[in-house]
Amino acid sequence: MKALAPTTEPTEEFEGDELIDIDKVEGRVRASSLKKIGEIVDKHPEEALSIVRNWLYQDNV
């Protein structure tokens, strides 16, 4: 999904509204989520391993 680049010029239809690039926002959200997950795995490696093993087991059942 590609939105228009931000604009500072108001139009009749969207006067005062600025448009953002949704792809960039979603990418930042994913990056911050992955960073947070990495921190949790670093702090709790055994629990993280257990969760991954459970996911893998569920896929095979």
Next on the checklist: What are the pairs with Cβ atoms under 9 angstrom where one residue, in the stretch 30-45, is free of Cβ contacts under 8 Å to residues at least 40 places away in the same chain and the other, located anywhere, is in a helix (DSSP H, G or I)? Sequence gap at least six, or different chains.
Outcome noted: 37/48; 40/47; 40/48; 41/47; 41/48; 41/49; 42/48
Item to check | Pair list, Cβ under 6 Å, 6 or more apart: the stretch 17-29 residue without any contact (Cβ under 8 Å) to a residue 24 or more places away in the chain, other residue aliphatic (A, V, I, L, M) | outcome: 19/3; 19/4; 21/3; 22/1; 22/3
Checklist entry - Given the structure, is residue 59 at pLDDT 70 or above, assigned to a helix (DSSP H, G or I), surrounded by fewer than 10 Cβ atoms within 10 Å (Cβ to Cβ) and not hydroxyl-bearing (Ser, Thr, Tyr)? => result no
Next on the checklist: Return the residues of the stretch 3-42 that are in a loop (DSSP other than H, G, I, E, B), over 17 Å from the mean Cα position of the chain (by Cα) and at pLDDT 60 or above; say none if nothing qualifies.
Outcome noted: 15, 16, 17, 18, 19
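The values are calculated or read from the model by the stated rules, or taken from the named source; none is laboratory data. These numbers come from a predicted model, not from an experiment. Cβ: placed from backbone, ideal geometry, glycine included. Neighbour counts: every protein chain shown.
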